[in-house]
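Following: one structure in structure tokens, then a few remarks.
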Amino acid sequence: MMPNAKKAIGLMAAMLLLAGTLLGCTDSANPNGSADGDSGNSGDGANVGKKVKFSYLRPTWGPATYTKGGAYEKELFQRANVEIDVQIILVIDFDAKINTILASGNIPDVIWANGPVIERDRELQEQGAFLPINKYLDMYPAIRQAVPEGIWNKLTDKDGNIFFIPNLIYPVVPFQLMYRQDWFEKLNIPEPTTVDEFVAALEKIKNSDPDGNGKNDTIPFTMGYEWSFKDLGTAFGFSQFSWEPSATDSNKLIPWFMKDKEIDSYFWLQDLHKRGLLDPEFKVNKEPNFAEDKFNAGKVAVIPTHWASYVDKVTKLRKIDANVKIGIMSPLEGPGGKGGNRLVFPMDRGFYVSAKAEDPDGFFKFLNWTLTDGSDFRRYGIEGKMYTVKNGQKVPIPDAERENAYKGPQIEPLSFIGPMSEKLDWDQMKLSFEGAGVGDKFDYVKQKFEEYAKEDFPDYADPTIPAPFNSKEGTKLWNDYMEQITQSAIINHDVTKEQWLAAVDKWRKAGGDKIIEERNELQKDKSKPNYK
């Protein structure tokens, strides 16, 4: 059920690549995908004397410009004594294409998937498609230590086996409203503090010429996809794409598309779109990075975006205007009160090892190397290409300033995991700011992060609890009754709330009520979760 919500949650990590100092399923404070304690960079391979070889399929959140045989790949292969046959799928297509690959039985040695939080992958585990990894976690403790024991416990099946290696994310991932502060100052627009002030600011931008090109073509507000709205949505009083207690029964969880506050937010966005305040390419342009590209090209005034993308945006916009100023709006006050952060479950996909892999031990030796002797390379990459040394510290070179061979799209396809301890590394992020020449903005960005983190809006549904009927029938019911209206409501101005509610009624009668009953029956604890 709710495949679009699942995809949106996956896409949340997409913005990590766009941040320039981070990457999809990588670390939000680290330019190359991860960062643990600097263990030295000995250059010793994962398996001295025997080259480790394996095939690897994973999603990518950035442009699909990865080139096999590139400079970074060669350096990794030489240092780790490894040869990886990489296959990539754009994250926006991943959920559809991974089903075909898994159904074929022709599974790469290492493959990204959703894990046992969904029925499909749980069934494949039980059918023997993937390798149980308990013994490798015992043999290579750096891998086990990279993941909190509580998460390993959630991934353990009824027989005590673990199959899945999770990609961890820090549960607080604000998508803040970043804006062209220089344009706001030019037009005498104060930084909005409420939803109404925000809309008024967009209207003034639309009727002005902030970039001074004489065309009055600045886009007031853009989004790449609905998930970008997640923290602005908290000002309306809901947790986006989540199950939350019903307004009439606090002990009954209901899905996102039945919640009045969330439905109303779609028609609020529809009104912005109708008035020309929301980018006309929203839901039309299928390139996942189009909104970021527009903002970075100086065509947009406001964008909800991953909090750690600040450095990347400043770096790119300074190439257009050396005096550019980017501000970050504090959480807005709205119909639901003061906004905050829509928390996420601290895992976004991860990977399995195929039961047919020829050298699983070699793969785990390599993975262990990336977390021990190879951690320095994993963290910083190549000196002079991906970082410089200042006062004895390795300072990342902003992605926008690197040669193409060393930019994120060449690194991401060769990334695996980093410890949870890396996921919010303020010291490392400060170095990234200083390396980009915006060290004076670090405290400002950190303060804004902390403002968003004050108020939590989680998903009440526990994704590790199996829901067999939902897994079997949920997607079909969604496609038959809810997909069209939810996908079109914002950009089709003829769609009404009454039509939305009629679709919900049909969904419920066709089997949706059974999905709701199943969730509430299986999940006994309906209290507010705290993933922090």
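The values are calculated or read from the model by the stated rules, or taken from the named source; none is laboratory data. Remember, predicted model here, so these are calculated numbers, not experimental data. Cβ atoms come from the backbone with ideal geometry, glycine included; neighbour counts cover every protein chain shown. Each accessible area value is taken on the protein alone, full model and side chains, heavy atoms only, with ligands, DNA and RNA left out. Shrake-Rupley method; radii C 1.70, N 1.55, O 1.52, S 1.80 Å.
Some notes on this structure:
- The value of relative contact order for segment 43-196, using C-alpha pairs under 8 Å at least six residues apart, is 19 percent.
- Placing R0 at 56 angstrom, the Cβ-Cβ distance between Ala405 and Ile465 gives a FRET efficiency of 0.80 after rounding to 0.05.
- Within the accessible surface of the chain, defined with a 1.4 Å probe on protein heavy atoms only, the carbon and sulfur portion equals 47 percent.
- Lys274 versus Asp361: modelled label distance in nm, points set 7 Å from Cα along the beta carbon direction: 6.7 nm
- Where only alpha carbons of the chain are counted, the Rg and the Dmax (Å): 23.0, 68
- Packing, as the average of other Cβ atoms within 10 Å across residues, places the peptides 60-71, 110-121, 424-435 in the order 110-121, 424-435, 60-71, highest first.
- Rel. contact order, % - alpha carbon contacts under 8 angstrom, at least six apart, segment 282-349: 18 percent
- Cβ-Cβ distance of Glu521 and Thr100, R₀ of 35 Å, FRET efficiency by 1/(1 + (r/R0)^6): the value works out to about 0.60.
- Cα-based values for segment 323-440, radius of gyration first and Dmax second, are 18.8, 57 Å.
- Where Tyr352, Tyr481, Tyr460 fall by accessible area, highest first, once all protein chains stay in place (1.4 Å): Tyr481, Tyr460, Tyr352
- Based on protein heavy atoms only, segment 357-442 ends up with 36 Å² per residue of surface accessible to a 1.4 Å probe.
- Accessible surface, segment 129-239, averaged per residue in Å² (probe 1.4 Å): 37 Å²
- Compared with the alpha-carbon gap, the fully stretched path from Asp85 to Lys206 is longer by 38.7 nm at 0.36 nm per residue.
- Seen from a random direction on average, the alpha-carbon convex hull of segment 214-285 projects onto 5.6 square nanometres.
- Probing with 1.4 Å while keeping every protein chain in the model, the per residue accessible area of segment 260-300 equals 39 Å².
- DSSP assigns beta bridges within the chain; of those with both partners inside it, close to 60 percent run antiparallel.
- Whole-number percent relative contact order across the chain, with pairs defined as alpha carbons under 8 Å at least 6 apart: 28 percent
- Taking the Kirkwood radius as Rh and the Cα radius of gyration as Rg, segment 305-385 has a ratio of Rg/Rh equal to 1.16.
- Considering all different alpha carbon pairs of segment 489-532, the Kirkwood hydrodynamic radius works out to 13.1 Å.
- Its DSSP H runs of at least 4 residues, each contributing -39,500 (n - 2.57), put the calculated 222 nm mean residue ellipticity of the chain at -10000 deg cm²/dmol, to the nearest 500.
- Relative protection proxy for 485-498, 177-190, from highest mean packing down: 177-190, 485-498 (other beta-carbon atoms within 10 angstrom).
- Order by protection proxy (mean Cβ within 10 Å, highest first), peptides 392-399, 139-146: 392-399, 139-146
- Each part gets one Cα centre, and for segment 185-217 versus segment 254-292 those centres are 20 Å apart.
- A probe of 1.4 angstrom, applied to the heavy atoms of all protein chains, finds Glu521 with accessible area near 110 square angstrom.
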